[in-house]
Amino acid sequence: MNNLPMLTFRKGKKQPDWLDKKVALFNRYWKLQGEKIFKKVTNLANFEWPSKLVESGITVYVKSDRKSEYLGLIFEDHPEKIDLFIKKSYKFSRIRSALIHELLHSIMWARIKDGRIKGPSLFEDFFADEIIVSIVEKLANLNRSLTKKDCEDALLFGIDQAKERLNLRSLKRRRGYQGLLDYLLDFSNNYRKNIKNSDILKERKKVNQNIPSPIMFEM
């Protein structure tokens, strides 16, 4: 496939020496399976990788397990960097699902950062984002239709992630936090005027669609 970013595994800073062999192993497996994984992610996203990400490539930093239930981590404003947290016993098959999950985040956030689509709303960024990525990750890994249990798992993961990301201390560190408050202030100041030609359910829908995400990207 053309126009794909180059993906490279590297050992994270100040990490134990045993990770050197894991990084070498993962890079060998990626040479064998990487194009197939990229093809799955690209087909399920149904758009091409943004040119800036293709140019920069993607670096996966392999680190020793941080005693977290999550294997992967990626930040919205750096779709070119992925962290994986592993144990000595982990093989490539163990990290494959987590890698696909983070690559789905990467291609979406890179697309937004590239300015090709409108910035997402708060609810898109902090709830729908995790749910859809969890569902699509399962579609990429399972050779069957999803069950209600699969969908429930995705829903619960989305709720869990939303709770973690929506705590006030975390929100206040976001570059767009003040913009979020400005939107709510403008909404409240105009509510009495707007409600005359609307109703509270219509206004709720408007907020759902338009409330800005506190996540802002350097364009």
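Observations
- In degrees, nearest ten, helix 129-141 long axis to first principal axis of the chain (Cα): 30 degrees
- Sorted largest first, the principal axis extents computed over the alpha-carbon atoms of segment 1-119 equal 41, 28, 23 Å.
- When the chain is treated as a GNM with alpha-carbon contacts under 10 Å, the residue of L19, L44, L32 showing the greatest mean-square fluctuation is L32.
- Considering all different alpha carbon pairs of segment 37-88, the Kirkwood hydrodynamic radius works out to 12.6 Å.
- Set of aspartates and glutamates near K21 by C-alpha distance (under 20 Å), chain-local residues within fewer than 8 positions excluded: D65, D83
- Angle between the chain longest axis and helix 92-113 axis [Cα atoms, degrees, rounded to 10]: 40 degrees
- In straight-distance terms, cross-link reach from K193 covers every one of the lysines whose alpha-carbon lies under 26 Å from its own, apart from those fewer than eight places away in the same chain; here that gives K202, K205, K206.
- Against the rule of thumb 2.2 N^0.38 Å, how large the Cα Rg of the chain comes out: 1.14
- Rg to Rh quotient for segment 168-210, alpha carbon positions, Kirkwood Rh: 1.08
- Taking the C-alpha atoms only, the angle from helix 200-210 to the longest principal axis of the chain is near 40 degrees.
- Most mobile listed residue (R96, R192, R174) in the chain, GNM with C-alpha springs under 10 Å: R192
- Fluctuation leader among L142, L103, L84 - the chain, Gaussian network, Cα springs under 10 angstrom: L142
- In plain terms, the residue of M6, M108 with the fewest other Cβ atoms within 10 Å comes first and the most crowded comes last, giving M6, M108.
- By DSSP, the beta bridges lying fully in segment 1-119 are antiparallel in about 15 percent of cases.
- Above-threshold pairs, the threshold being 22 Å between Cα atoms, out of K81/K149; K81/K113; K22/K163; K22/K67: K81/K149; K22/K163
- DSSP bridge orientation in the chain - percent antiparallel, rounded to nearest 5: 20 percent
No lab work stands behind these numbers, since they all come straight from the coordinates. All figures in this text were calculated on a predicted structure; none of them were measured in a lab. A quick note on method: Cβ atoms are made from the backbone with ideal geometry, for glycine too, and the neighbour counts reach across all protein chains shown.
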